[in-house]
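Worksheet for the structure shown next.
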Amino acid sequence: MNHYDVIVIGGGAAGLSAALVLSRARRKVLVVDAGSPRNAPAAHMHGYLSRDGMPPADLLAVGHEEVRSYGGEIVDGTVTDLVACGHGFTALLAGGRRISSRRVLVTTGLRDELPDIPGLRDRWARDVLHCPYCHGHEVRDRRLGVIGGTPGAVRYTQIVRQWTHDLTYFTSPDILTAVEIEVSPMDPCPWPAGAPESQ
């Protein structure tokens, strides 16, 4: 069984960044990555300084090279079990390999739970976007819609308004409270009486 200082579970941008810093700090690091990043369907990613517009797979390829250049290791796989033992941890990979480490860093990110709308999954990260900060600029000033599955989506709609004034909010009639329905999510929040409009 191989022993590492740190096992990083998840090899996206966060996991590779951590592995890079730890490898440069002369730690023995292993990154275990299942190879299914959240932004894989997107043609381009935005908001990363010096990498704006780069395909997500290209960023990961560069990250792999950088981590390996400092002695970090990267394996394709999935951690199926993690057990605290003694002064560290033992990880079991899907293929049966066991790895021990002093520390574990979990950087598996988010998973999108898509609503059951026919055709939506096929358009995910193409026409149906999950992050306005990542893709809002590319669809600015177009007619947009927000699919609201929870009351919190009303607030999300306010964020999307930064990129368009032609916005429709789609939701089931039983999701919002009477107060949320009465106050249109398209109207800006009113200032309290007597409050200055700008600072």
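The values are calculated or read from the model by the stated rules, or taken from the named source; none is laboratory data. Worth saying up front: this structure is predicted, and the values here are computed from it rather than measured. All Cβ positions, even for glycine, are placed from backbone atoms using ideal geometry, and neighbour counts span all protein chains on display.
Considering only the stretch 120-127, I want to know if a residue exists there that is small (Gly, Ala, Ser), assigned to a loop (DSSP other than H, G, I, E, B) and assigned by TED's automatic domain parsing to the domain that holds Asp166. Within the stretch 120-127 (the criterion being small (Gly, Ala, Ser), assigned to a loop (DSSP other than H, G, I, E, B) and assigned by TED's automatic domain parsing to the domain that holds Asp166), the answer is yes, since at least one residue qualifies. Looking at Asp33, is it closer than 20 Å to Asp81 by Cα and crowded, with 19+ Cβ neighbours inside 10 Å? Answer is yes for this residue.
Across the stretch 49-93, which residue is surrounded by the fewest Cβ atoms within 10 Å (Cβ to Cβ) among those that are of a type outside the set (D, E, K, R), in contact with a helix residue (DSSP H, G or I) (Cβ under 7 Å, 6 or more places away or on another chain) and outside any helix (DSSP H, G or I)? My answer is Gly71. Number of residues in the stretch 116-143 that are out of contact with any helix residue (DSSP H, G or I) (no Cβ under 6 Å at 6 or more places or on another chain), of a type outside the set (Asp, Glu) and surrounded by 11 or more Cβ atoms within 10 Å (Cβ to Cβ) equals 16. The residue of the stretch 1-30 that is nearest to the chain's Cα centre (by Cα), among those that are surrounded by fewer than 20 Cβ atoms within 10 Å (Cβ to Cβ) and assigned to a strand (DSSP E or B), is Asp5.
Of the residues contained in the stretch 59-75, none is found to be of a type outside the set (Val, Ile, Thr) and more than 17 Å from Ala19 (Cα to Cα).
Quick grid of which residues meet (1) among the charged types (D, E, K, R); (2) modelled with pLDDT under 90; (3) over 16 Å from Gly10 (Cα atoms):
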| residue | (1), (2), (3) |
| --- | --- |
| Ala25 | no, no, yes |
| Asp33 | yes, no, no |
| Glu73 | yes, no, no |
| Thr80 | no, no, no |
| Ala84 | no, no, yes |
| Gly88 | no, no, yes |
| Leu93 | no, no, no |
| Val106 | no, no, no |
| Arg111 | yes, yes, no |
